[in-house]
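Enquirer: Below is a structure I'd like to ask you about.
Please treat every number below as a calculation from the coordinates, not as lab data. Everything numeric here is computed off the predicted structure, so don't read it as measured data.
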Amino acid sequence: MQYLSMIASPHTLRIDLYPGLKRPLHLSGLGQMLLTLKTDAEIGRVVRRYNAEHSGEAAVRLSEREVLQMAETARAQGLCQAGNLITESAGTIATLLPLPLGQRPLAVGIDAPVARLQARNDLLRSALMEAVQEFAAATLNGR
């Protein structure tokens, strides 16, 4: 999974991300949303390969079962909430952008310290979903 664009937070305590940064699909909220578009078998292959290639390192590893449970929850809710995966105390609320058929899938989200995400969960979830609805409306209208 690769980050394409960011809007920096005005908060002093923020998550440092930058365009071009790559993360394993299953270890980021945005990547987990993209995985919801895959079958469970495909997700399992991604996790098994990552875990096999990073078996001797101190890298974060999740079991296939854990990732499948996260994908199932994200599919059901239409969004993913993840925290403390790659960066301790950092988290994401993410969802997919509705795009026309044939375009590469994109996810959008809010990254912040887990404590901030928890304290403002309803507000941030609503803001994210509202932004996605506005994007969808603008896309349909050709803007």
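Enquirer: Taking the chain as a Gaussian network, Cα atoms linked when under 10 Å apart, which of GLU42, GLU64, GLU53 shows the biggest mean-square fluctuation?
Expert: Evaluated over the chain, the most mobile residue of the options is GLU53.
Enquirer: Now, a different point. GNM on the chain, C-alpha springs below 10 Å: top fluctuator among GLY78, GLY102, GLY20?
Expert: Largest GNM mean-square fluctuation: GLY102.
Enquirer: May I have the extent of the alpha carbons of the stretch 25-140 along their three principal axes, as whole Å values ordered from largest to smallest?
Expert: Ordered largest first, the stretch 25-140 gives principal extents of 46, 37, 20 Å.
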